[in-house]
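Peer 1: Dropping the structure in here first, questions after.
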Amino acid sequence: MLKNLPTTPEQLLAWTWPDIEPYYQELLSRPLDGASLKEWLADWSGVSEHVDELMQRLAAATIVNTADRQAEERRKSFLENIYFARALPAEQKLKQKLLDSGLTPAGFAIPLRNMRAEAQLFREANLPLLAAEQKLNVEYDKLIAAQSLTWEGREVTPSELKLIFQDPDRDHRERAWRALAQRQLADREAVNELWARYLPLRLKIAAGADLPDYRAYMWRHRLRFDYSPDDCKAFHAAIEAVAVPAASRIYERRRRQLGLDRLRPWDLTDGWYGRPVDAPGQPPLRPYRNGAELRAKVSAIFYKVDPELGRYFEIMLAEGLADLENRKNKAPGAQCLAFAAARRPFIVCNAVGAHDDVQTTLHESGHAFHVFESAHLPYFPQTAVPLEFAEVASMGMELLAAPYLTEFYTEAEAARARVEHLEGAILFWPFMAVVDAFQHWVYEHPEAGGDPAQCDAQWNALWDRFIPGIDWSGLDEVKATGWHRKLHIHLYPFYYTEYGLAQLGAVQIWGNALRDQRQAVAHYRRALALGGTVTLPELFSAAGARFAFDAASLQQAVSLMESVIESLGG
């Protein structure tokens, strides 16, 4: 058994390659047979978990403060000089050692399948390119995180300004929307310049792996064994047939309620594609006054969903594993990182006092619960969950927690919040289709995809196809550059269809919960506990859902959502 692995975050952050390398050398030289297999796997997992946690902790430091130059340099140095240059090649040698042994550990069929795919994809010559891509990601994060602006005499972040998009005063909303749009357009050339470096780099990575295009590379990299690009396009078509008309009904109903002749982007609560603002006389939902109240009430909700989930969240709060409040120089968006060796999650949000903050905290906590539930698995590769199901954990938690929003609201306000959530979920599917279809187009046509002007035109065309209910006339530049503001396109290519597929699974779990909440939660937790030890369809099945792309399945989900919206007074 390996000894002297770091036992505290401080020890881990002090790790250098001379500290790490001996572990890999010993594992590579150690005999591997049936008798030694379990101990060898356990030791390999221990090293891998610590290296991965080091990477995640360095990432966390740059996410919570993008202006921390020391953290940025430490992360860059680790990625360039340790992770890509040395740790990944060492990991690959150990994967190959296991594959060459012909041994098949119990509960390891899926990890072995994944390792074979990764072994086929791995090229040592690609490692500097992958490190260069990570550096571009840091540049994009910095660029977007620095987009503060002066509004009514004070400096605000875009997240803070978006609160005004819920203001009943339409003129106020429009002024805020235009101010933010102009600030974002000021970085248009900078984002385009980054894109001009991203695309050729990614094409080189694909070519270096002897694959015909970058989509083929990412399909293998994302370990997509259970569906194809054609399945994604079938899902786009199903969304166009089912979700787009449902979204149009939402927009039209709200347009009439607002007494408008047309909906404009500043009539949407996110200023982009989401729910329209509430009718006059309904002030925006303000669920909490400060971060402490947000944490306490979310905790109470989790205890009602399931006492063990409540306990998990309390552990996160006690150990400082939930950074929820928005502030300047904090990276945008929200995410959950897994500290693998500690078997702990770390969630980051940008809460500013809006209802979306509640939903986001519930969502990221669902990811966190996945980390807790799968912590019992003995080997690190078993915890690698396919992203399509990882998002079921988060989106499912939003829906499972919905009956308990009265922790934040009156009964009437909670019903309104649930309507907002369900409407937002329906409106999300068309947007997801825009983002995913855009990426398919970019990498199917890399010459055009490398031209920002053609990217603008394609984004426009897809927007008109899937989101026809909003009038963007006179706002052409803002609309066309929407792809600039979708961080997945830049940081996590081909990571977005997962949300749409997962949402379909989550709605099925929620449908089960409407009949039997306790049993649905039990199935949900049972599926999370499987980690990555079974196939994607089997994970969905364990959770009480079906992995699907077809219009009939989507129609069943949308019909359920619309019926509940109606019953709640939406």
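The rows are residues; the columns are (1) among the polar types (S, T, N, Q); (2) more than 26 Å from H221 (Cβ to Cβ).
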| position | (1), (2) |
| --- | --- |
| H421 | no, yes |
| W429 | no, no |
| V435 | no, no |
| H445 | no, no |
| S473 | yes, yes |
| W483 | no, no |
| I489 | no, no |
| F494 | no, no |
| A502 | no, no |
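Peer 1: Just to be sure I understand, how many residues within the stretch 539-550 are surrounded by 21 or more Cβ atoms within 10 Å (Cβ to Cβ) and either of a type in the set (S, T, Y) or in a helix (DSSP H, G or I) (or both)?
Peer 2: Selection size over the stretch 539-550: 2.
Peer 1: Considering only residues of the stretch 376-420 that are in contact with a helix residue (DSSP H, G or I) (Cβ under 7 Å, 6 or more places away or on another chain), in a helix (DSSP H, G or I) and among the β-branched types (V, I, T), which is surrounded by the fewest Cβ atoms within 10 Å (Cβ to Cβ)?
Peer 2: By that ranking, first place goes to T406.
Peer 1: For the stretch 460-538, which fully contained helices (runs of 4 or more DSSP H) count at least 1 residues that are closer than 21 Å to A241 by Cβ and of a type in the set (G, A, S)? Quick ask: steps written out before the conclusion?
Peer 2: On the way: elements: 476-480, 487-491, 497-515, 517-529.
Hits in the stretch 460-538: 497-515.
The rows are residues; the columns are (1) more than 19 Å from F235 (Cβ to Cβ); (2) touching a Ser or Thr at 6+ places or on another chain (Cβ under 6 Å); (3) modelled with pLDDT under 95.
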{"residue": "Q458", "(1), (2), (3)": "no, no, no"}
{"residue": "A461", "(1), (2), (3)": "no, no, no"}
{"residue": "E477", "(1), (2), (3)": "yes, no, no"}
{"residue": "W483", "(1), (2), (3)": "yes, no, no"}
{"residue": "Y495", "(1), (2), (3)": "no, no, yes"}
{"residue": "V507", "(1), (2), (3)": "no, no, no"}
{"residue": "L514", "(1), (2), (3)": "yes, no, no"}
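Peer 1: Still on this model: Determine whether the stretch 145-164 contains at least one residue that is farther than 27 Å from L285 by Cα and either under 26 Å from the mean Cα position of the chain (by Cα) or not small (G, A, S) (or both). Don't jump to the end; show me each part of the working.
Peer 2: Of the stretch 145-164, the ones farther than 27 Å from L285 by Cα are 146.
Next cut, either under 26 Å from the mean Cα position of the chain (by Cα) or not small (G, A, S) (or both) only: 146.
Yes, there is a match, as at least one residue in the stretch 145-164 is farther than 27 Å from L285 by Cα and either under 26 Å from the mean Cα position of the chain (by Cα) or not small (G, A, S) (or both).
Peer 1: Return the total of residues in the stretch 505-558 being of a type in the set (V, I, T) and under 23 Å from P381 (Cα atoms). Please lay out each step first, then the result.
Peer 2: Keep residues of the stretch 505-558 that are of a type in the set (V, I, T), which gives 507, 509, 521, 533-535, 558.
Then drop every residue that is not under 23 Å from P381 (Cα atoms), which leaves 533-535.
The qualifying residues number 3.
Peer 1: Filter the stretch 442-456 for residues that are charged (D, E, K, R) and either in a helix (DSSP H, G or I) or modelled with pLDDT under 95 (or both); which is surrounded by the fewest Cβ atoms within 10 Å (Cβ to Cβ)? Steps first, answer last, please.
Peer 2: At the first step, the residues of the stretch 442-456 found to be charged (D, E, K, R) are 444, 447, 451, 456.
The next check asks that each one be either in a helix (DSSP H, G or I) or modelled with pLDDT under 95 (or both); those that pass are 444, 447, 456.
Values: E444: 13, E447: 9, D456: 20.
Residue satisfying both the conditions and the ranking: E447.
Peer 1: Moving to a separate point now. Tell me the helices (runs of 4 or more DSSP H) entirely within the stretch 86-175 that contain at least 2 residues that are among the aliphatic types (A, V, I, L, M) and under 30 Å from P386 (Cα atoms).
Peer 2: Values: elements: 88-101, 109-121, 127-145, 158-161.
Where helices (runs of 4 or more DSSP H) fall fully within the stretch 86-175 and carry at least 2 residues being among the aliphatic types (A, V, I, L, M) and under 30 Å from P386 (Cα atoms), they are 88-101, 109-121, 127-145.
Peer 1: Still on this model: Scan the stretch 244-257 and tell me whether some residue there is touching a Pro at 6+ places or on another chain (Cβ under 6 Å) and at pLDDT 95 or above.
Peer 2: Applying the first criterion (touching a Pro at 6+ places or on another chain (Cβ under 6 Å)) to the stretch 244-257 yields 244, 247, 254.
The next check asks that each one be at pLDDT 95 or above; those that pass are 244, 247.
Yes, the stretch 244-257 contains a residue that is touching a Pro at 6+ places or on another chain (Cβ under 6 Å) and at pLDDT 95 or above.
Peer 1: Also: In this structure, does S553 turn out to be surrounded by fewer than 16 Cβ atoms within 10 Å (Cβ to Cβ) and either among the aliphatic types (A, V, I, L, M) or assigned to a helix (DSSP H, G or I) (or both)? It would help to see each step written out before you state the result.
Peer 2: On the way: surrounded by fewer than 16 Cβ atoms within 10 Å (Cβ to Cβ): no; either among the aliphatic types (A, V, I, L, M) or assigned to a helix (DSSP H, G or I) (or both): yes.
The answer is no for S553.
Peer 1: Mind telling me which of the residues W15, W44 ends up being in a loop (DSSP other than H, G, I, E, B) and touching a residue at least 24 places away in the same chain (Cβ under 8 Å)? It would help to see each step written out before you state the result.
Peer 2: Working: W44 fails: in a loop (DSSP other than H, G, I, E, B).
Among W15, W44, only W15 is in a loop (DSSP other than H, G, I, E, B) and touching a residue at least 24 places away in the same chain (Cβ under 8 Å).
Peer 1: I've got another one for you. Considering only residues that are touching a residue at least 60 places away in the same chain (Cβ under 8 Å) and among the acidic types (D, E), look in the stretch 211-244 and name the one that is nearest to W463 (Cα to Cα).
Peer 2: E240
Peer 1: With respect to E152, is the statement that it is free of Cβ contacts under 8 Å to residues at least 24 places away in the same chain, within 27 Å of D476 (Cα to Cα) and not basic (K, R) true? Lay out the reasoning, then the answer.
Peer 2: Working: free of Cβ contacts under 8 Å to residues at least 24 places away in the same chain: yes; within 27 Å of D476 (Cα to Cα): yes; not basic (K, R): yes.
Answer is yes for this residue.
Peer 1: On to the next question. Kindly indicate whether any position in the stretch 169-179 is of a type in the set (A, V, I, L, M), surrounded by fewer than 20 Cβ atoms within 10 Å (Cβ to Cβ) and within 30 Å of A87 (Cβ to Cβ). Step through it out loud before you land on a result.
Peer 2: Going through the stretch 169-179, the residues of a type in the set (A, V, I, L, M) turn out to be 176, 179.
Adding the requirement that they be surrounded by fewer than 20 Cβ atoms within 10 Å (Cβ to Cβ) leaves 179.
Retained after the next criterion (residues that are within 30 Å of A87 (Cβ to Cβ)): none.
No: zero hits.
Peer 1: When you check R57 against the structure, is it touching a residue at least 12 places away in the same chain (Cβ under 8 Å), touching a helix residue (DSSP H, G or I) at 6+ places or on another chain (Cβ under 6 Å) and charged (D, E, K, R), yes or no?
Peer 2: Details: touching a residue at least 12 places away in the same chain (Cβ under 8 Å): yes; touching a helix residue (DSSP H, G or I) at 6+ places or on another chain (Cβ under 6 Å): no; charged (D, E, K, R): yes.
It is false that R57 is touching a residue at least 12 places away in the same chain (Cβ under 8 Å), touching a helix residue (DSSP H, G or I) at 6+ places or on another chain (Cβ under 6 Å) and charged (D, E, K, R).
Peer 1: Out of the stretch 200-215, which residues are surrounded by 19 or more Cβ atoms within 10 Å (Cβ to Cβ) and within 14 Å of N137 (Cβ to Cβ)?
Peer 2: Selection gives R202, I205.
Peer 1: Shifting gears a bit: Pick from the stretch 248-264 the residues that are outside any helix (DSSP H, G or I) and without any contact (Cβ under 8 Å) to a residue 40 or more places away in the chain: which of them is surrounded by the most Cβ atoms within 10 Å (Cβ to Cβ)? First the steps, then the outcome.
Peer 2: Filtering the stretch 248-264 down to residues outside any helix (DSSP H, G or I) leaves 259-264.
Among the residues that remain, those that are also without any contact (Cβ under 8 Å) to a residue 40 or more places away in the chain are: 259-261.
Values: G259: 8, L260: 14, D261: 7.
Among those that are outside any helix (DSSP H, G or I) and without any contact (Cβ under 8 Å) to a residue 40 or more places away in the chain, it is L260.
Peer 1: If I ask for residues that are closer than 21 Å to D270 by Cβ and touching a strand residue (DSSP E or B) at 6+ places or on another chain (Cβ under 9 Å), which ones from the stretch 150-162 would you list? So that I can check it myself, show each step before the final result.
Peer 2: Just the residues of the stretch 150-162 that are closer than 21 Å to D270 by Cβ, to begin with: 151-152, 156-162.
Those that are closer than 21 Å to D270 by Cβ and touching a strand residue (DSSP E or B) at 6+ places or on another chain (Cβ under 9 Å): V156, T157, P158, S159, E160, L161.
Peer 1: Can you pull out every residue in the stretch 216-247 that is buried (at least 21 other Cβ atoms within 10 Å of the Cβ), of a type in the set (G, A, S) and under 11 Å from A551 (Cβ atoms)?
Peer 2: A238, A243
Peer 1: Inspect all residues belonging to the stretch 316-335 and state whether any of them is of a type outside the set (K, R), surrounded by fewer than 21 Cβ atoms within 10 Å (Cβ to Cβ) and part of a helix (DSSP H, G or I).
Peer 2: Scanning the stretch 316-335 turns up at least one residue that is of a type outside the set (K, R), surrounded by fewer than 21 Cβ atoms within 10 Å (Cβ to Cβ) and part of a helix (DSSP H, G or I).
Rundown of residues vs (1) within 25 Å of the chain's Cα centre (by Cα); (2) closer than 30 Å to Y140 by Cβ; (3) charged (D, E, K, R); (4) buried (at least 18 other Cβ atoms within 10 Å of the Cβ), yes/no style:
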residue	(1), (2), (3), (4)
D19	no, no, yes, no
G34	no, no, no, no
L54	yes, yes, no, yes
E72	yes, yes, yes, yes
E91	no, yes, yes, yes
L99	no, no, no, no
T104	no, no, no, no
F108	no, no, no, yes
M115	yes, no, no, yes
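The values are calculated or read from the model by the stated rules, or taken from the named source; none is laboratory data. For clarity, every value in this text was computed on a predicted model and none was experimentally measured. When we count neighbours, we look across all protein chains shown, and the Cβ atoms used for this are built from the backbone with ideal geometry, even at glycine.
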